Amino acid sequence: MEQEVIKVDSIEKFNDIFGFETIHPMVGIIDFSKATRWPETLKINYGVYAVYLKKTKCGDITYGRQSYDYEEGTIVSFAPGQVVTSHMTTENPPQGYGILFHPDYIHGTSLGKAIKKYSFFSYDAREALHLSDGEKKIIVECMTNIEQELKHRNDKHSKTIITANIGLILDYCMRFYERQFDTREKVNKDIIVRFEQLLEEYFDSKAPIEKGLPTVRYFAERVFLSPNYFGDMISRQTGKTASEYIHTKVVDKAKEELLSTQKTMTEIAYSLGFQYPQHLSRMFKKEVGCTPNEYRTHMA
């Protein structure tokens with residue numbers, strides 16, 4: 001039987017699942033050790049932002065159809081619109097902390113304007129943030145500050161202080177996320193090599209004619225990364241976005257065809273996966289500074 005999807009569009013709905021008290025309708029600090037109940041399998045369609053610091057691995061987390069990579073002492077994060085399935089073991093109940101906040105709570109604030117920069121929220125598979133003991137302490141302290149403000153304050157400064165602490169948590173998470181590119185440098189370089197191989201294989205096959213131009217998602221799936229993580233990694237390592245990297249390869253292939261064959265520009269465009277030849281001309285001129293035909297004439 002298909003698992004029922006629970007739409008969590010308020011803090012209260014999430015708290016009801018685990019038996020937590022709701023102190024504030026738009027922001028909640030979670031201590032999983034205080035849960036009075038938990039389902040073994042839970043499928044949530046998030047309508048709120050959620051950031052969890054996991055103290056133990058209490059089961060499996062699936063985002064979409066993919067497993068989410070997390071261990072003890074990691075942060076996992078989800079954004080509105082994401083569907084997450086958790087399989088929790090009865091002998092290992094959830095342990096850890098979390099913060100949930102409704103998108104309406106940050107509308108009109110500096111955090112609301114900056115929320116899109118926290119790209120770890122966008123991941124659609126398998127990437128947790130790994131923390132040292134000192135870093136875990138920082139996150140817990142920020143959550144404690146928010147909890148104290150929710151419980152003991154209710155004045156004109158409360159929202160400013162709470163959103164500031166949420167922003168601080170997210171800024172630290174961004175630091176941890178960016179650091180992972182450096183600590184995984186060799187793995188990342190291996191993935192770039194594999195990306196280049198996959199690009200060659202794609203354009204040396206009939207795939208462009210049959211499938212059109214490849215997407216970033218196409219290559220990300222073949223190196224077992226989410227498109228956003230893959231794109232950020234390529235950009236950090238090469239200085240180009242993954243899309244720009246693909247476009248460079250397309251233009252290189254077009255140059256080869258222009259100089260080594262008698263194919264028309266239209267024929268070359270179709271062979272590379274373009275629906276409309278003018279799209280290749282536009283991309284080529286942007287990359288090279290001249291049209292394909294001008295390039296052929298000049299280099300002949």
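The values are calculated or read from the model by the stated rules, or taken from the named source; none is laboratory data. Since this is a predicted model, take the numbers as computed values, not measurements. Cβ sites come from the backbone with ideal geometry, for glycine too, and all protein chains shown count toward neighbours. Keep in mind that these areas ignore ligands, DNA and RNA; they rest on the heavy atoms of the full protein, side chains included. Shrake-Rupley method; radii C 1.70, N 1.55, O 1.52, S 1.80 Å.
Table for the structure above
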quantity: Candidate set: the range 24-43, residues that are more than 11 Å from L100 (Cβ to Cβ) and either hydrophobic (A, V, I, L, M, F, W, C) or in a strand (DSSP E or B) (or both); chosen: the one modelled with the highest pLDDT; calculated: D31
quantity: Which listed residue, of I106, I115, is touching a helix residue (DSSP H, G or I) at 6+ places or on another chain (Cβ under 8 Å), open to solvent by 10 Å² or more (accessible area, probe 1.4 Å) and at pLDDT 80 or above; calculated: I115
quantity: Qualifying residue in the range 161-178 (condition: at pLDDT below 90, over 30 Å from H24 (Cβ atoms) and part of a helix (DSSP H, G or I)); calculated: yes
quantity: Residue satisfying condition, being loosely packed, with under 13 Cβ neighbours inside 10 Å, out of contact with any Asp or Glu (no Cβ under 6 Å at 6 or more places or on another chain) and at negative phi, within set E201, E244, E221; calculated: E201
quantity: Whichever residue in the range 84-101 is part of a loop (DSSP other than H, G, I, E, B) and in contact with a Phe, Trp or Tyr (Cβ under 7 Å, 6 or more places away or on another chain) and, among such residues, is modelled with the highest pLDDT; calculated: Q95
quantity: Condition met for G59 (at pLDDT 80 or above and of a type outside the set (A, V, I, L, M)); calculated: no
quantity: Cβ-Cβ under 6 Å pairs, at least 6 apart or on other chains, the range 19-40 side within 17 Å of T163 (Cα to Cα), far side of a type in the set (D, E) and open to solvent by 40 Å² or more (accessible area, probe 1.4 Å); calculated: I29/E147
quantity: Conditions (1) modelled with pLDDT of 90 or more; (2) open to solvent by less than 30 Å² (accessible area, probe 1.4 Å): number failed by S226; calculated: (1)
quantity: Selection count where residues are surrounded by fewer than 13 Cβ atoms within 10 Å (Cβ to Cβ) and of a type in the set (D, E), scope the range 253-272; calculated: 1
quantity: Test: R153 is within 30 Å of G239 (Cα to Cα) and modelled with pLDDT under 95; calculated: no
quantity: Residue selected from the range 273-300 under the condition under 30 Å from the mean Cα position of the chain (by Cα) and among the aliphatic types (A, V, I, L, M), by the criterion surrounded by the most Cβ atoms within 10 Å (Cβ to Cβ); calculated: L280
quantity: Residues within the range 70-82 that are within 15 Å of the chain's Cα centre (by Cα), surrounded by 15 or more Cβ atoms within 10 Å (Cβ to Cβ) and at pLDDT 55 or above, tallied; calculated: 7
quantity: Residue check for S67: modelled with pLDDT of 85 or more, among the small types (G, A, S) and open to solvent by 50 Å² or more (accessible area, probe 1.4 Å); calculated: no
quantity: Candidate set: the range 7-41, residues that are out of contact with any helix residue (DSSP H, G or I) (no Cβ under 7 Å at 6 or more places or on another chain) and aliphatic (A, V, I, L, M); chosen: the one nearest to S86 (Cα to Cα); calculated: I17
quantity: In the range 229-241, residue surrounded by the fewest Cβ atoms within 10 Å (Cβ to Cβ) [restricted to those that are in contact (Cβ under 8 Å) with a residue 40 or more places away in the chain and within 16 Å of the chain's Cα centre (by Cα)]; calculated: R236
quantity: Filtered residues of the range 155-181 (kept if of a type in the set (S, T, N, Q) and over 17 Å from V76 (Cβ atoms)); calculated: S158, T160, T163, N165
